[in-house]
Amino acid sequence: RSMNILLFMSSGLDTPGPSWHLYTALIEDLVSYGHKVHLIESHSTGINPDCPERLKELENFSYETINIETVAKKAFAKRYLVGVKYCFKARKVFKAQQDFDVMMVQSCPWAPFAITFAKNSVKTPVIYNSQDMFPGASIANGAMKQKWMQKIFYMFQKVAYRRADHISVISEDMKQKVIEQGVPAAKITVIPDWYDDKSVREIPWEDNLFVKKYDLKKDCFYVQFAGTMGMNFDYKMVLQVAEKLKQEKKIVFQMIGQGSQKDDFVHAAQEKKLDNIVFLPLEPQEMVPHVYSACSVCLIPLPKGVIGNSVPSKAGLLMACHRVIVTSADDGSEYNKMFEREQIGIACSTDDPEGIADGIIRLRDNPDLREKYADNAQKYGKAVYTRTVNTKLYEDLYRRIGGKA
């Protein structure tokens, strides 16, 4: 049976971010399964259209936008206030939405307001879609140091968990964090974020546009990070590993992207005279398979405490591109255990640059091992991290919570 599904985004499709491709794909697939979807989103930056052409063409999709102020990411207090105002504006919109089977609210620091207003207005089961944990992620990456503030926001966030009818999280580590905050396991469903298996694939070296753009040398071993160099990126780990391997002239650390920590990273690399680190600008979305397919291995250096509060979205994409991941994350986490259990990469603790350096050398010197890990990663990614698998899991969740299972 078809459903009427209401989605409330914490931001809008006009603003680039990790949720853009997820929500766009989710909407497309839900409509293709025969459901009606209505999206409520904000309009702030106007960098992208509020509704991409691919969604406008869908017969059973509709949307409306709420204007909000654009605020710098570092201005937390102002961003939070603008988010709360967005929820108050959305309350009026919610009241007009009564013909729905289920509603999903995207995670955000102001979720207690969004979920409370949704529950009071829409009168339908509400799922809280937690893409990252607040305030846990902000505490782990050092953005929220004040103990009193941490305590207040932990208490406040529990309102969102309590009032939501169900919570979806993107990893087992995140599920455990939510349980630790008093939520029963039965109220939580794990659905990982995905890559688009309809478009993401390994690009052969000879056809790779990124390789051609930068004239990459096939005899070099490229250790790559591509993405946001923000608070969830441990650039100090990269510096330590690059320093340990600076005599390996054919190993190149390729750092691609922007972020709040990039300037400090670049300055530190220059001070240490680490010319084995090369900095490149972020590429457009359509170049992602080319970028990831150009590296020998991918390095994902995470600070202590990040895993469980968030998950690196690029892992599935790299698996799809037949690439091996070398990562540093919390020792004992399900995320770290996954790499050894599935034989898909190398995972070390957050204080083990020696282990990361040794892992890179081992993968460089053992192409057969690298190929084995890459094959395993591609198969595992196809089973766990694809759009085809996971948008169907969301549909199943909506049916269950909306009473149409």
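Identify, among 161, 259, 191, the residue whose Cα sits farthest towards the positive end of the charge dipole of the chain, taking +1 on the Cβ of Lys and Arg and -1 on the Cβ of Asp and Glu, with the dipole about the Cα centre.
Looking along the dipole axis, the top candidate is 161.
Please compute the contact order of the stretch 224-304 in relative form: average sequence separation of alpha-carbon pairs under 8 Å and at least six residues apart, divided by the residue count, as a percent.
Reported as a whole number, the value is 44 percent.
If the cut-off is 19 Å between C-alpha atoms, which lysines fall inside it for residue 372, apart from same-chain ones fewer than 8 positions away?
Straight-line reach from residue 372, under 19 Å: 337, 382.
Taking Rh as the Kirkwood radius computed over C-alpha pairs, what is the Stokes-Einstein D of the chain at 10 °C in a medium of viscosity 1.306 mPa s, expressed in µm² per second?
72
Can you pull out the GluC sites (Glu not before Pro) in the stretch 178-247 whose DSSP state is coil and whose Cβ has at most 16 other Cβ atoms within 10 Å?
Qualifying residues, ordered by number: 202.
For the stretch 300-405, just list the percent of Cα-Cα distances falling in each 5 Å bin from zero outward, please.
Calculated P(r), rounded to whole percents: 2, 12, 19, 20, 18, 11, 7, 5, 3, 2, 1.
By the scheme Lys and Arg +1, Asp and Glu -1, what is the net charge of all other residues having a beta-carbon under 12 Å from that of residue 391? Before the final figure, lay out the partial values.
Numbers: positive: 198, 387, 392; negative: 28, 29, 193, 196, 197, 395, 396.
Residues close to residue 391 contribute a combined charge of -4.
If contacts are Cα pairs under 8 angstrom and at least 6 residues apart, what is the relative contact order of the stretch 107-206 in percent? Please list the in-between numbers first.
On the way: 102 pairs, mean separation 27.5, N = 100.
It rounds to 28 percent for the stretch 107-206.
For the stretch 318-337 and the stretch 372-405, compute the distance between their C-alpha centroids and round to whole Å.
18
With contacts defined as alpha carbon pairs under 8 Å and 6 or more residues apart, what's the relative contact order of the chain in percent?
15
Putting +1 on Lys and Arg Cβ atoms and -1 on Asp and Glu Cβ atoms, find which of 98, 137, 47 reaches farthest to the positive end of the dipole of the chain.
My answer, from the dipole projection, is 98.
Quick one: give the max-minus-min coordinate of the C-alpha atoms of the stretch 244-323 along each principal axis, largest first, in Å.
Principal axes ranked by extent give 34, 30, 24 Å for the Cα atoms.
If I histogram all Cα-Cα distances within the stretch 133-175 using bins 10 Å wide from 0, what percent of pairs lands in each bin?
Pairs per bin, as whole percents: 25, 51, 24, 0.
Computed on alpha carbon atoms, what radius of gyration and Dmax characterise the stretch 224-382, expressed in Å?
14.5, 42
Divide by every residue of the chain the summed helix terms, -39500 (n - 2.57) for each DSSP H run of at least 4, and state the resulting mean residue ellipticity at 222 nm, rounded to the nearest 500 deg cm²/dmol.
-13000 deg cm²/dmol
Taking one equal scatterer on every alpha-carbon of the stretch 240-285, how large is log10 of I(q)/I(0) by Debye at q = 0.27 1/Å?
Log10 I(q)/I(0), no solvent term: -1.04.
Please get the size of the charge dipole for the stretch 1-121, origin at its Cα centre, with Cβ charges of +1 on Lys and Arg and -1 on Asp and Glu, quoted in debye to the nearest 20.
Roughly 700 debye for the stretch 1-121.
With a 1.4 Å probe and all protein chains left in place, how much accessible area per residue does the stretch 289-348 have, in Å²? Working shown, then result.
Numbers: 1540 Å² over 60 residues.
That works out to 26 Å² for each residue.
Please give the peptides 6-19, 102-115 ranked by average Cβ packing (other Cβ atoms within 10 Å per residue), highest first, as a rough proxy for protection. The partial results should precede the final answer.
Working: 6-19: 21.3, 102-115: 23.9.
Ranked from most to least packed, the peptides come out as 102-115, 6-19.
Stokes-Einstein at 4 °C, 1.567 mPa s, Kirkwood radius from Cα pairs: D for the stretch 345-405 in µm² s⁻¹?
The estimated diffusion coefficient comes to 89 µm²/s.
May I ask for the Kirkwood hydrodynamic radius of the stretch 61-157, worked out over all distinct Cα pairs and given in angstroms to one decimal?
Mean inverse Cα-Cα distance, inverted, gives 14.7 Å.
Which value results for Rg/Rh of the stretch 165-237 when Rg is the Cα radius of gyration and Rh the Kirkwood radius based on the inverse mean 1/r? The partial results should precede the final answer.
Numbers: Rg = 19.4 Å, Rh = 16.6 Å.
My calculation of the ratio gives 1.17.
Beyond a 24 Å Cα-Cα separation, which of these cross-linked pairs lie in this structure: 36/175; 198/379; 89/119; 244/304; 73/392; 145/272?
36/175; 73/392; 145/272
About its Cα centre, what dipole magnitude does the stretch 263-385 give when the only charges are +1 on Lys and Arg Cβ and -1 on Asp and Glu Cβ, stated in debye to the nearest 20?
In total the dipole reaches around 380 debye.
Give the value in nm², to one decimal: projected area of the alpha carbon convex hull of the stretch 1-108, averaged over all directions.
6.7
Placing unit charges on C-beta atoms (Lys and Arg positive, Asp and Glu negative, everything else neutral), compute the dipole magnitude of the chain about its Cα centre in debye, rounded to 20.
Numbers: 54 positive and 49 negative charges, 283 e Å.
For this selection, approximately 1360 debye.
The values are calculated or read from the model by the stated rules, or taken from the named source; none is laboratory data. Being a predicted model, the structure only gives us computed values, none of them experimental. Note: ideal-geometry Cβ built from the backbone for every residue, glycine included; neighbour counts use all protein chains shown. The accessibility values were calculated without ligands, DNA or RNA, using every heavy atom of the protein model including side chains. Shrake-Rupley method; radii C 1.70, N 1.55, O 1.52, S 1.80 Å.
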